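*Asks:* Sharing a structure with you now.
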């Protein structure tokens, strides 16, 4: 038994050196192996408190890695995605503006909010380098983008109007 613990310890040390953590459950048994990135994503999801940036208006939808394809890429409507982080003060500031835009264009544009810490692979796919970032999608393709918190309802309306014809 002692020899198997030593082997487990040696494997764990090597795994940690190469960026892989081995989780051990409460009973001390070896659990699943996760990459360092998965561990960081899990920690961010579990510890990030909800803020004003997370709140959804009546005409906004919460986007996740599970519904992104259906709600954004396969939508028959123009879609604006708000890529944000809960802890971002600029995201919190612009959230009511996004809600106002969603309410005023509810029959024209689908507005979704995507918290980048929930699925960084999607944020990476769309080269989200800062938040908030707003991307308009039409027929599954990115057609326009804006980064920063200086957007207004009129800014979003002008962006959307270019693709609603």
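*Asks:* Could you list the residues of region 81-100 with an amide nitrogen less than 15 Å from a label point located 7 Å from the Cα of residue 50 in the Cα-to-C-beta direction?
*Replies:* Hits in region 81-100 for residue 50 at 15 Å: 86-87.
*Asks:* Any chance you could check the Cα centroid distance between region 52-73 and region 90-165 for me, in angstrom?
*Replies:* 11 Å
*Asks:* Run a plain Debye calculation on region 71-146 (Cα atoms as equal point scatterers, no solvent) and give log10 I(q)/I(0) at q = 0.15, 0.17, 0.18 Å⁻¹, rounded to two decimals, same order as the q list.
*Replies:* -0.48, -0.62, -0.69
*Asks:* If you take every DSSP beta bridge whose two residues both sit in region 52-161, what share of them, in percent to the nearest 5, is antiparallel?
*Replies:* Of the beta bridges lying entirely in region 52-161, close to 50 percent run antiparallel.
*Asks:* Between residue 124 and residue 147, what is the label-point separation in nm under the 7 Å Cα-to-beta-carbon projection?
*Replies:* Inter-label distance under the simple model: 1.8 nm.
The numbers here are math on the coordinates, done by the rules we state, and not lab data. Predicted model only: the values in this text are computed from it and were never measured. Virtual Cβ from ideal backbone geometry, glycine too; neighbours counted across all protein chains shown.
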